[in-house]
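The values are calculated or read from the model by the stated rules, or taken from the named source; none is laboratory data. Everything numeric here is computed off the predicted structure, so don't read it as measured data. In this analysis, Cβ positions are derived from the backbone assuming ideal geometry, glycine residues included, and neighbour counts consider all displayed protein chains. Side chains included, ligands, DNA and RNA excluded: accessible areas come from the protein's heavy atoms. Shrake-Rupley method; radii C 1.70, N 1.55, O 1.52, S 1.80 Å.
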Amino acid sequence: MARGRRVATVALFGLPMEAVFGDLRPHDGLRAVRLRGTGRDAGRAKLISVTRALLRQRVRPGMDESEARARCPELEVRDRDMEREATLLGRAAEAIMVFGPEVEVQAPGLIYVEIGRSLDALAGRFGGRPPTELDVGQAISSLMNELGHDVAVVISSDPDSGRTVVAENARLSRVGVEVVAEEDGPERVGQCSLRDLFWTDRLDDPEGVLASRLADVHRELGLLGLERVEDLARMGSMPARFSDVERLLRDRALARRRRPLRQYWPPDALVENFELDHGTENFEPLGFIGRRLVHRLVARLEGRGRAAQRLELTLTYEPGWQDDFDDARLRPRSSKRTQLIALDFARPTRDIAVVFAVLREKLLVPGFVTAIRLEAQDTEPDPGAQLELFHRHEHRIEEAAGLISRLQAALGARAVFSPRMCDRHRPEAAWTAAPFDLEQAFSKPSIVRPPSPALFGLPFAAEPAEDRALPEVEAMASVIGGEEGERVPEEPGLAPPGSWPKPVPRSAENEPPPILPPRPGLLLPFPRPARSRPEGLSWEGRAWRWVGEPEDFCAEWWLAEPLQRCYRVAESSDGRRLWAFFDAEGALKVHGIFD
């Protein structure tokens, strides 16, 4: 079913606070962010974002810092970080891309995403059913909260109406989701304060000319007694001096301004970092911060539709007092060092549990850590596994990949491998360790249809003919290229026409491989000597008797030490078996153990 255009407007109204104070409970305490004045106001600073605790102290955004300090002496104020805000805004937009590919980023803290045409495609995230617009809005709000952002979400038919409504909600600290139906757009926008209608975009108005003009118009309309957007919509016509902005304001007031979204393109690098104000040398705080970084990075990977084969974790730290400096001259300048930890996975993944489990296995505290950086390397497109109805093949692959990644992180990359056959005759050199091939290990077996009972007992060479037998080949059958009725000359060595089945000439290539004696499941790293006895051998204080026939290995005559061994199987009284051999000098050695 074709759906109309619906845009979710997401306002990160706490972004200035989150950019300055970090994402560890930035909205707690008596904190505020200031913007220093320029030009004639160079000596003044205004608060642009405050915590809820400051609101109870009657400190409001837009207040001078001096006045705010007079009301709350314990106030903690920091300068606004516009660059950090832009970085956080872009990362949040990457995560929101999972709800729709058409995303626009609008400073200082707005994100638009078109969700109307993506509702059916989002069914997999909502239990297999197409979600409602409210469901998607709540999912966006939950995702942003998990990433450490306080947001207000408004779903409407056009981005300008959404911005007007969300501006009012953000100004009044209405955290939540609001859905504005298409037919209710003009009425809902009309309930907003007039101030929420006078805004500009930095991309359209980089010099601020239109913003200054709209501020003048807002001031003059306020003198006329207009307070709400509906008051402006009811005006028959605006004064002639407002003609340059009249069409823009009326389209916004009547919720009829339609414009396309400007597509946001994320940067190539996928990096998440965190700087600790005081640093730590404890594992638990680093694990908590690492989980936040993993969650953010995985959300961005999911928004891009990609998965990472490798992550690189970089720790910036101060060495402990027990660590020596490489150069004594470095001590008066800086003692900071960095440690790189590689997180490799068995297959490209964006599973939070797998990534964090590998991170916990590899994370070591080298000293007093002051900064953490997590970067994704070797990313690949990953639209997601197509799950099947009757078996869990894809689930098994994902579960095995997570287990193998954790084993490799805990035991080392070489501890988990796949054996691969080599062209050697010596048992200890007949295989080599290769990287574990997960896809080959869990490859789907070809579907073999069981033989039908109707085919059992079909007459072949030695069985009498039945009514179910294949028809006999006629002696005068025609062949492609011959005239009708022309007999094809017989070739020597072929069976006469009419015989069934035709004999197949035997050759060495068609013969089945010979059945070899049993081989042990475990080969010792190096053959270990044993003591020979008349009826068997003695090894590790236990007597073993020979069973089966000996097997001679004679090969690799072209080497300096040819392979000349006589292998035998020895069995103990409790049923355990060994694989032992006599070498060319007659020494007896144990080479393997049977399961």
Fill in: Accessible area per residue, Å², the stretch 11-61 with all protein chains present, probe 1.4 Å
53
Worksheet item: What number, in nm² with one decimal, is the all-direction average of the projected area of the convex hull of the alpha-carbon atoms of the stretch 247-287?
Response: 7.0
Item to complete: For the stretch 102-166, with all protein chains present and a 1.4 Å probe, just round the carbon and sulfur fraction of the accessible area to a whole percent.
Response: 51
Worksheet, complete the sentence: A correct Karplus calculation of ³J(HN,Hα) over the stretch 566-575, with 6.51 cos²θ - 1.76 cosθ + 1.60, θ = phi - 60°, whole Hz and x for Gly and Pro, returns 10, 8, 9, 9, 10, 10, 8, 5, 8, x
Item to complete: Extending each Cα 7 Å along its Cβ direction at Ala371 and Asp268, get the distance between those two points in nm, one decimal.
Response: 2.2
Response to the item:
Expressed as a percent, the accessible surface of the stretch 199-282 that is carbon or sulfur, using a 1.4 Å probe and the full set of protein chains, is 49
Worksheet item: Hey, got the dipole for the stretch 1-139? About the Cα centre, +1 on K and R Cβ, -1 on D and E Cβ, debye to the nearest 20?
Response: 440
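Take the alpha carbon atoms of the stretch 62-157, find their radius of gyration, then divide it by 2.2 N^0.38 Å using N residues; give the quotient. Write down the numbers at each step before the final one.
Details: Rg = 17.7 Å, N = 96, 2.2 N^0.38 = 12.5 Å.
Against the empirical 2.2 N^0.38 Å value, I get 1.42 for the stretch 62-157.
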Fill in: Share of alpha-carbon pairs per 10 Å distance bin for the stretch 179-310, given as whole %
9, 27, 19, 16, 19, 9, 1
Item to complete: Tell me the label-point distance for the pair Glu275, Glu183, using the 7 Å Cα-to-Cβ offset, in nm and rounded to one decimal.
Response: 5.4
Practice prompt. Under 1.5 on a/c is rounded, so check that first for the stretch 124-239, then, if it is not, pick prolate when a/b is larger than b/c and oblate when it is not; a ≥ b ≥ c are the square roots of the alpha carbon gyration tensor eigenvalues.
Written response: prolate
Worksheet item: If you roll a 1.4 Å probe over the heavy atoms of the protein chains, what accessible area per residue do you get for the stretch 64-105, in Å²?
Response: 43
Practice prompt. Run the numbers on the stretch 7-119 and let me know its relative contact order in percent, using alpha-carbon pairs under 8 Å that are six or more apart.
Written response: 30
Fill in: Inter-centroid distance (Cα atoms) of the stretch 527-595 relative to the stretch 165-221, Å
88
Discussion item. Taking loop as defined by DSSP and a crowding limit of 14 other beta carbons within 10 Å, which chymotrypsin sites (Phe, Trp or Tyr not before Pro) in the stretch 498-595 fit?
Written reply: Trp557, Trp558
Item to complete: With a ≥ b ≥ c taken as the square roots of the eigenvalues of the C-alpha gyration tensor of the stretch 176-222, please select rounded if a/c is under 1.5 and otherwise prolate if a/b is larger than b/c or oblate if it is not?
Response: oblate
Worksheet entry | FRET efficiency, 1/(1 + (r/R0)^6) with R0 60 Å, evaluated for Leu224 and Leu364 via beta carbons | 0.30
Discussion item. For the stretch 502-554, take every pair of Cα atoms, bin their distances at 5 Å starting from 0, and report each bin as a whole percent.
Written reply: 4, 11, 13, 21, 16, 8, 6, 7, 6, 4, 3, 1, 0
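How would the stretch 275-324 be classified by its alpha-carbon gyration tensor: rounded, prolate or oblate, with rounded meaning a/c under 1.5 and the a/b versus b/c comparison settling the rest?
Details: a/c = 3.49, a/b = 2.28, b/c = 1.53.
Taking the square roots of the gyration eigenvalues as a ≥ b ≥ c, the stretch 275-324 is prolate.
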